[in-house]
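Report on one structure; see the data block that follows.
Each reported figure results from applying straightforward, stated rules to the coordinates on display, with no laboratory input. Note that the structure is predicted; figures quoted are calculated from it, not measured. Positions of Cβ are backbone-derived with ideal geometry, glycine not excepted, and every protein chain shown enters the neighbour counts.
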Number of protein chains: 2
Amino acid sequence: MYKVKVYVTLRESVLDPQGNAVKGALHSLSFNAVQDVRIGKYLELKIDQDVADIDTFVKEMCEKLLTNVVIEDYRYDVEEVVAQ
Amino acid sequence: MYKVKVYVTLRESVLDPQGNAVKGALHSLSFNAVQDVRIGKYLELKIDQDVADIDTFVKEMCEKLLTNVVIEDYRYDVEEVVAQ
């Protein structure tokens, strides 16, 4: 089995209102040292071992469904887990 | 400056309806090898250098605002970035 971790983030050029809101809230809780906050998605997927090419498989999932490629970037880590 | 990456995930014992919905959508797009999907938050924060204890600072932010400690777990990475 594969354990895949996908990190989806807004592109640098895209405004992050949610991140700004969290920054404001952190400042109101006296965490004034926080300069910037960017918020994204973190996905953990378990995938069958019999996938021929795991990289292509993950890239296709990301580009077809998991990310909005117009405004988001993604990166991923693949870990092979030996079934007990 | 510190660059901190925070990964917030639902606890294993908590049902993840959003993850299930994404799994269903992936199956409908013929990604049938996907066994499980768990969705969480990924945050990137930039924090001033003059924070005395960065670990305590990050833990407090997570426990006061960034996570719901009843149903979520978090982990984080701290990277020290030398300002150009």
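Okay, here's what the table says:
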quantity: Chain A, helix-only ellipticity at 222 nm - DSSP H runs n ≥ 4, -39,500 (n - 2.57), divided by all residues, nearest 500; calculated: -7000 deg cm²/dmol
quantity: Placed amide H near A:Glu72: partners under 5 Å, 5+ positions off or other chain; calculated: A:Arg11
quantity: Karplus 3J(HN,Hα) series, Hz, for segment A:30-47 with 6.51 cos²θ - 1.76 cosθ + 1.60 (x for Gly, Pro); calculated: 6, 8, 6, 6, 6, 8, 8, 9, 10, 10, x, 10, 10, 10, 10, 10, 10, 10
quantity: Student exercise, segment A:2-80 dipole from Lys, Arg, Asp, Glu Cβ charges, in Debye to nearest 20; calculated: 460 debye
quantity: Segment A:2-80: radius of gyration and largest Cα-Cα distance (Dmax), Å; calculated: 16.0, 51
quantity: The protein assembly as shown shape via C-alpha gyration tensor axes, a/c threshold 1.5; calculated: prolate
quantity: Amide proton proximity set for A:Asp36, modelled H, under 5 Å, gap of 5+; calculated: B:Lys46
quantity: Per DSSP, loop trypsin sites (Lys or Arg not before Pro) in segment A:1-68 with at most 13 further Cβ within 10 Å; calculated: A:Arg11
quantity: Relative contact order [Cα under 8 Å, 6+ residues apart], chain B, whole percent; calculated: 53 percent
quantity: GNM flexibility winner over chain B from B:Asn32, B:Asn68, B:Asn20 (Cα, springs under 10 Å); calculated: B:Asn32
quantity: 20 Å reach of a label modelled at B:Ser30, 7 Å along Cα-to-Cβ, counting backbone N of segment A:44-84; calculated: A:47-67
